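The values are calculated or read from the model by the stated rules, or taken from the named source; none is laboratory data. Here the structure is a predicted model, which means the values were calculated and not measured. All Cβ positions, glycine included, derive from the backbone under ideal geometry; neighbour counts span all protein chains shown.
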Amino acid sequence: MSNRAVLEVIALDEEDAVAAQTGGADRLELVTDMAADGLTPSTASFAAIRSAVDIPLRVMLRLADGFAAGDVDALAGRAEELRSAGADEFVLGFLTADGEPDLVAVERLIAVLDGCRWTFHRAIDRAADRDGLRKRLADLPGLDTYLTAGAATGVDDGLTTLAAEAARAGEPGYEPQILVGGGLRLDHLPTLRAAGLTAFHIGGAARPRGWTAPVSADAVRTWREAIDA
């Protein structure tokens, strides 16, 4: 593995996946239904994308918009199907109504994941206590990444928080990599890189013509070059 910064791109289908890999993405986040901020794709969709590209794929485990876990049995079933189809990296994150991490739901799913690596997604940006959430999740197997904008409203408002959390890397609860995403723009990169952040996540930014159009390899390449600069 090189030590270059990570670029993760959201992919909805094989066309997206191939374009993202061509443009220099290191990893894909697989979702469906971006109108609901990204839900679990079908197992068939995962299999088609897996056969189309050879970079790592992180598959979303989320059945409804929002940060409540909902039907955890159904989610665990989907996770089992995806594992059987070869999925080995995942994205998840659930909060209780009062903004605490939903450890019951998270632990149920990571039991199914059985050691797979996973990202706790932007639910952290809605948590009542970010630091407390990190410490409560610190010992969960497989957790190696937090996808966060630093603020519920996006990276513009989260820059200070992201820099402060990056400075705590290696402390209890701060070992996972910070993957910056949520309203991320190219002009944020110099500030974020200077703060020591090394992983970046884009969705809409990879689609200059909007979510109804596919990922643009050229747009991804622009990000790759900016991150590597």
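The set of residues from the range 131-170 being within 17 Å of GLU100 (Cβ to Cβ) and assigned to a helix (DSSP H, G or I) comprises ASP131, GLY132, LEU133, ARG134, LYS135, ARG136, LEU137. On the stretch given as the range 29-55, residues that are more than 30 Å from GLU100 (Cβ to Cβ) and either assigned to a helix (DSSP H, G or I) or under 13 Å from the mean Cα position of the chain (by Cα) (or both) total 10. Take PHE120 and tell me if it is hydrophobic (A, V, I, L, M, F, W, C) and closer than 18 Å to LEU57 by Cβ. Yes. Return a yes/no flag: does the range 111-118 have any residue that is at pLDDT 95 or above, in a loop (DSSP other than H, G, I, E, B) and touching a helix residue (DSSP H, G or I) at 6+ places or on another chain (Cβ under 8 Å). Checked the range 111-118: at least one residue is at pLDDT 95 or above, in a loop (DSSP other than H, G, I, E, B) and touching a helix residue (DSSP H, G or I) at 6+ places or on another chain (Cβ under 8 Å). The set of residues from the range 199-215 being part of a loop (DSSP other than H, G, I, E, B), at pLDDT 95 or above and either crowded, with 21+ Cβ neighbours inside 10 Å or polar (S, T, N, Q) (or both) comprises GLY203, ARG207, VAL215.
Checking each residue in the range 54-74 for being under 17 Å from GLY203 (Cβ atoms) and surrounded by 16 or more Cβ atoms within 10 Å (Cβ to Cβ) picks out LEU57, ARG58, VAL59, MET60, ARG62. All of (1) modelled with pLDDT of 95 or more; (2) surrounded by fewer than 17 Cβ atoms within 10 Å (Cβ to Cβ); (3) small (Gly, Ala, Ser); (4) touching a strand residue (DSSP E or B) at 6+ places or on another chain (Cβ under 8 Å) hold for GLY24 with one exception: (2).
Can you confirm whether LEU189 is buried (at least 20 other Cβ atoms within 10 Å of the Cβ) and either out of contact with any Leu (no Cβ under 8 Å at 6 or more places or on another chain) or touching a residue at least 40 places away in the same chain (Cβ under 8 Å) (or both)? So LEU189 fails the test.
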